[in-house]
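The values are calculated or read from the model by the stated rules, or taken from the named source; none is laboratory data. Because the structure is predicted, anything quoted here is derived from the model rather than measured. Here the Cβ positions follow ideal geometry from the backbone for every residue, glycine too, while neighbour counts run over all protein chains shown. Please note that ligands, DNA and RNA were not included when accessible areas were found on the heavy atoms of the full protein model with its side chains. Shrake-Rupley method; radii C 1.70, N 1.55, O 1.52, S 1.80 Å.
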Amino acid sequence: MSDIDAEVLLRAYAYGVFPMAESRDDPELYWIDPEARGILPLDAFHVPKRLKRTIRQQPFEIRIDTAFREVMLGCAEAAPNRDGTWINERIVGLYCELHERGRASSAGRKESWPAASTASRWERRSSARACSAALPMRARSPSSISSRG
């Protein structure tokens, strides 16, 4: 799928589909249309007592959008129980373009460790150790999932 650009990606997310690669080294992308989608209903979200206590102790710090590309690269690194990744350089580039347009965000968590030498290193470590993500924001007016023409 060589015709995927940031606009197509944003419209695709509005329809619930997203691109993936077979591996980090595979330049090709294909569309994923999952049968079930994860939805977190925040109006009914319950924070357990133990989690509230942990949050009050402030054992970690959360940063938003401080090193978007580094978070993407951290998410693409190997992890326990996961040797490979579906995030290739094209996907990193597409999401970074959405981020530059203000349409994607990243989040990273850092536990109370000694200070890291750079923000990039901090974000990379946090993305590998916690559930950091780079998520496109919902498109405002989806039309179709094809290239502009």
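Okay, here's what the table says:
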read-out	value
So Ala107, is it open to solvent by 20 Å² or more (accessible area, probe 1.4 Å) and either modelled with pLDDT under 80 or closer than 20 Å to Arg24 by Cα (or both)	no
Region 14-26, residues that are modelled with pLDDT of 90 or more and open to solvent by 80 Å² or more (accessible area, probe 1.4 Å)	Glu22, Arg24, Asp25
Any hit, region 72-94, residues being surrounded by 10 or more Cβ atoms within 10 Å (Cβ to Cβ), touching a Lys or Arg at 6+ places or on another chain (Cβ under 6 Å), at pLDDT below 90 and of a type in the set (Asp, Glu)	no
Neighbours by Cβ (under 9 Å, 6+ apart or cross-chain): first from region 1-20, under 13 Å from Arg37 (Cα atoms); second at pLDDT 90 or above and surrounded by 18 or more Cβ atoms within 10 Å (Cβ to Cβ)	Phe18/Leu9; Phe18/Ala12
